[in-house]
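Below is one structure, written out as structure tokens; the observations come after it.
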Amino acid sequence: MSKNISELSGRKGLERNLFEQLGIAAEETGTPTIEALESLREEFLVGKSTVYGTASFYDFLRPENQGKKGLCLQWKCMPICRNTGQTCQKYPRISTHTKSEKCVV
Amino acid sequence: MKIQLSIIMEKNYSGNDIDLIADIKKSQAPSKEKYHVESYGTPILTMDYGDIHGYYQILKTALNTSREVLLAELKDSGVRGRGGAGFSMAFKLDSCRQAQGDTKFIVCNADEGDPGAYSDRYILEQRPHALLMGMIIAGYIAGAQHGVVYIRGEYPEAVDIIQQAVNDLETFGYTGENIFGSGFNYRFKVIKAQGAYICGEETALLSSIEGQRPEVRVRPPYPTQQGLFNKPTVVNNVETLANLPYIMSQSGKKFASIGTEKSTGTKLVSLDGHFNRPGIYEVDMGTPLSVVVNELGKGFRSKVKAMHIGGPLGGLVPIDKIPTLSVDFDSFAKEGFLLGHASIVCLTEDFPIIEYLRHLFKFTAHESCGKCFPCRLGSTRGAEMLDKAINEGYQIDSELFNDLINTMEIGSLCALGGGLPLPVKNALHYFDAELKQYFSA
Ligand SMILES: Cc1cc2nc3c(=O)[nH]c(=O)nc-3n(C[C@H](O)[C@H](O)[C@H](O)COP(=O)(O)O)c2cc1C
Ligand code: SF4
């Protein structure tokens with residue numbers, strides 16, 4: 001992203017922060033609605049591709065992970081499951097397991 | 001002094017708790033999860049700081065001392081970044097201090113994404129004021145009036161604890177305007193991340209805070225010149241910043257007297273569930289790895305053949321290398337490994353290394369920001385090759401595979417694509433007997 005756009009998108013800085021607002025917009029359902037993305041785009045004066053591209057990047061915001069939560073497994077977090085000795089096939093980012101779906105291993 | 005604790009996480013749930021989620025929600029029953037915390041050597045980060053008002057006298061003294069004196073103290077301490085790269089903290093703060101501009105930022109990287117690492121989480125949840133005071137002092141030295149704590153979304157409890165600690169500081173007047181009558185202003189912002197490993201990379205993290213797609217930025221300019229919102233910014237790891245109150249109260253020289261000449265101070269090490277006593281251990285830099293494995297972790301629960309130390313981009317250390325290593329940056333580098341954030345994840349005897357390699361490539365493919373092609377394409381092609389070798393008896397062309405990892409190592413823009421080849425090369429070197437059936441000569 002060019003420096004100019006970067007400066008524009010940061011126009012509102014930390015107080016009312018675009019990234020934070022994306023997270024808040026996802027709190028209800030686990031992913032921001034199209035309407036919420038549109039209104040953030042207008043408020044922060046950024047292009048559609050910026051807000052859509054950002055929201056779809058994150059495990060916690062992207063639509064296909066709607067309704068799921070990530071929890072850290074602390075010392076049980078490891079690429080190889082302690083119970084089965086297999087790598088976790090479902091979540092390459094092993095430390096992210098979800099609330100509504102059971103760990104598959 | 002020896003510190004031993006068992007941390008009980010009342011609101012954190014993990015592992016098989018997922019099966020009990022309905023009951024947990026109904027009964028609000030506290031979890032019985034425990035992990036061990038112990039200091040072996042000098043307790044800097046594991047030390048209880050007691051009464052908060054007494055503790056913040058360190059800040060009061062610091063804010064009444066000139067920036068130059070504090071910076072000199074920091075230089076004396078020799079403290080290096082704990083987030084992975086081991087870069088001098090004093091150098092970064094000095095560089096930010098000298099950069100032009102009225103608005104500057106201190107960003108705390110609390111995105112701790114390395115599987116198996118939870119030492120930052122320990123500090124965030126158990127020693128929040130060591131971190132927050134460290135950030136204010138860093139801000140004072142660098143001339144930054146804003147502190148941003150970017151916390152991994154998988155640590156909801158840590159987000160709440162840090163926000164509460166910030167609120168307390170505001171109530172006590174230890175943050176905000178004219179702190180301790182020093183004329184110095186400092187404000188915090190706590191940001192909850194949304195689940196992307198690459199946001200731990202410092203420039204991706206800055207883009208993330210700005211609400212952009214978290215793609216890695218080309219350097220130069222470095223964050224200390226043009227960082228958050230293009231303003232001079234210092235990004236430091238949680239553990240790095242949490243050392244500052246000790247350095248300022250006890251002196252840089254005292255800190256430098258702990259550890260080794262080039263790796264001063266202590267390091268928190270996270271041990272995973274394959275150890276008999278998983279937990280967080282604070283050791284003086286230079287402590288033999290065998291002490292960590294055998295005395296602190298009490299050995300392994302089952303037969304282990306290798307340990308992946310320092311996250312997915314760290315080195316794969318075969319068990320027989322344990323006696324040659326000590327917990328410090330140079331010892332690991334000399335032996336061709338990487339201390340990184342010092343998380344230890346074990347690979348059991350019966351776990352195929354080839355599958356582990358496939359997992360590493362898949363992890364990188366999933367987490368790649370996509371900005372540069374060696375990583376974006378290389379991680380996926382590598383995973384495909386390994387997948388075919390595991391499932392279809394395909395013989396991987398060694399030359400092609402070496403080309404692939406060398407291209408990733410040399411050509412990647414950041415240490416995600418550039419760091420993956422290290423454990424892969426370690427595996428090819430130390431586990432040749434196990435792997436050679438999958439590769440053509
Ligand atoms: C893919 C990737 C992930 C990273 N994750 C983290 C992280 O979770 N926490 C962290 O402090 N540093 C992480 N780093 C290192 C940061 O880029 C940066 O070096 C560090 O935050 C600087 O702080 P320090 O000097 O205190 O170590 C990561 C680097 C890469 C390439
Ligand atoms: S190495 Fe990977 S994560 Fe890093 S900039 Fe390149 S594509 Fe992005």
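The values are calculated or read from the model by the stated rules, or taken from the named source; none is laboratory data. What you are looking at is a predicted structure, and each value in this text was computed from that prediction instead of being measured. Cβ sites come from the backbone with ideal geometry, for glycine too, and all protein chains shown count toward neighbours. These area figures cover heavy atoms from the full protein model, side chains too; ligands, DNA and RNA do not enter into them. Shrake-Rupley method; radii C 1.70, N 1.55, O 1.52, S 1.80 Å.
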> From the cross-link list B:K231/B:K254; B:K253/B:K305; B:K371/B:K436; B:K104/B:K362; B:K305/B:K334; A:K48/B:K189, which pairs have alpha carbons spaced over 28 Å apart?
Replying inline: B:K231/B:K254; B:K253/B:K305; B:K371/B:K436; B:K104/B:K362
> Using the beta-carbon distance between B:E384 and B:A85 and R0 = 45 Å, what value does 1/(1 + (r/R0)^6) give for FRET efficiency, to the nearest 0.05?
Replying inline: 0.90
> Over the Cα atoms of the stretch B:268-323, what is the Rg over Rh ratio if Rh follows Kirkwood?
Replying inline: 0.92
>> If packing is taken as the average number of other Cβ atoms within 10 Å across a peptide's residues, how do B:230-238, B:70-78 rank, most packed first?
In response: B:230-238, B:70-78
> With no solvent and one point on each alpha carbon, what is the Debye value of log10 I(q)/I(0) for the stretch B:200-357 at q = 0.09, 0.13, 0.18 Å⁻¹?
Replying inline: -0.38, -0.75, -1.11
>> Under 10 Å, Cα contacts only: if you run a Gaussian network model on chain B, which one of B:R67, B:R82, B:R301 comes out with the highest mean-square fluctuation?
In response: B:R301
>> Output needed: percent of Cα pairs per 10 Å distance bin for chain B, bins running from 0 to the one holding the longest distance.
In response: 4, 21, 30, 27, 14, 4, 1, 0
>> Quick check on the stretch B:45-256: take the gyration tensor over C-alpha atoms, sort the square-rooted eigenvalues as a ≥ b ≥ c, and tell me if it's rounded (a/c under 1.5), prolate or oblate.
In response: rounded
> Taking a 1.4 Å probe, which of B:Y140, B:Y186, B:Y222, A:Y52 shows the most accessible area, and what order do the others take after it?
Replying inline: B:Y222, A:Y52, B:Y140, B:Y186
> Relative to the longest principal Cα axis of chain B, at what angle does helix B:67-77 sit, 0 to 90 degrees, rounded to 10?
Replying inline: 40
>> How large is the accessible surface of B:H274 in square angstrom, using a 1.4 angstrom probe and rounding to the nearest 10?
In response: 10
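Counting partner chain Cβ atoms within 10 Å of every residue's Cβ in A:14-22, what's the average? Present the calculation step by step, with values, prior to reporting the outcome.
Values: counts 12, 2, 0, 6, 4, 13, 7, 1, 2.
Rounded to a whole number, the mean comes out at 5.
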>> Using helices alone, I'd like the mean residue ellipticity at 222 nm for chain B: each DSSP H run of four-plus residues gives -39500 (n - 2.57), total over residue count, nearest 500.
In response: -11500 deg cm²/dmol
